[in-house]
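The structure appears right after this line, and notes come after that.
No value in this document is a laboratory result; all are computed from the given coordinates. Bear in mind that the values here come from a model prediction, so they are computed numbers and not experimental data. Glycine also receives a Cβ, built like all others from the backbone with ideal geometry; neighbour counts cover every protein chain displayed.
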Amino acid sequence: MKVSKLAIIAVLGVISYGATAAGNNGKITFNGEVVDSPCNLAPGQDGTDVKVPFGQLSSSQLNANVVTAKKFQIHLENCNLTGKTADITFASTDLLSGKNLLTTHGSATGLGIAISGITFGTAKPILGLNPTGDNILTYTAEAKKADAATNVTVGNFEATTNFVIAYK
C-alpha cells in the first residue's frame with residue numbers, strides 16, 4: 001500500500017512538472033548618449049526623435065496656395081545655461097532647388113515643408129531661454145505647394161531635417 005502511494009505521488013509529480021506553462025522571456029536594452037552639453041534633449045518624441053504628423057491634407061487647398069501649419073516642440077531638460085547663449089540650425093541636403101523647402105518623398109508630389117522663421121542651414125539665436133531647469137522650443141512646420149506651375153498630387157509624403165543646438 002505504501003509503495004503504491006509513493007508510486008502515485010511520483011507519477012503525479014512527473015505529470016505536474018510537464019503541465020507547467022512555458023515562461024515568457026525577452027530582452028531589455030538600456031541605451032543613451034553621454035554628451036558635454038549644458039542641456040539634455042528629452043528622449044523620443046519631444047527631443048531626439050521629433051515627429052510632426054500633418055494627417056490628411058486637401059490637395060485642392062494646397063493647390064489654391066493654402067498653407068497647412070503644424071506646431072512642434074523640442075524639449076531641453078536639466079539646463080545649466082548661466083552665462084551661455086544658444087543657436088539652432090535646421091539642416092538638410094534634401095532641399096527643393098532654389099527654395100527654402102524640404103523635399104518630400106512618397107507618392108504625393110508637388111509639395112514641400114518649411115519651418116516658419118527658419119532658413120535651412122543658417123544658425124538662428126534661441127532667445128528667452130531659462131538659464132536653469134527645462135526649456136521648450138516651439139516651431140511651426142508648414143506644408144505648402146512647392147511651385148506655382150506644378151499641382152500637388154495625392155498620396156503619402158515624408159520629409160526630414162536634422163537640427164543642431166550650439167551653445168556659446
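Once you've got the Cα coordinates, tell me which of K99/K168; K99/K144; K71/K124; K71/K168; K70/K145; K51/K168 are over 23 Å apart.
Flagged as over cut-off: K99/K168; K71/K168; K51/K168.
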Inter-label distance, nm, simple model (7 Å from Cα along the C-beta direction), N100/T160: 2.4 nm
Near Y139, within a Cβ-to-Cβ distance under 13 Å, what is the net charge of the other residues, with Lys and Arg +1 and Asp and Glu -1? +1
Using a 7 Å offset from the Cα along the Cα-to-Cβ direction at both K84 and V67, what is the distance between the two label points in nm, to one decimal? 3.2 nm
Give me the Debye-computed log₁₀ of I(q)/I(0) at q = 0.21 Å⁻¹ for segment 56-167, equal point scatterers on Cα only, no solvent, two decimals. -1.09
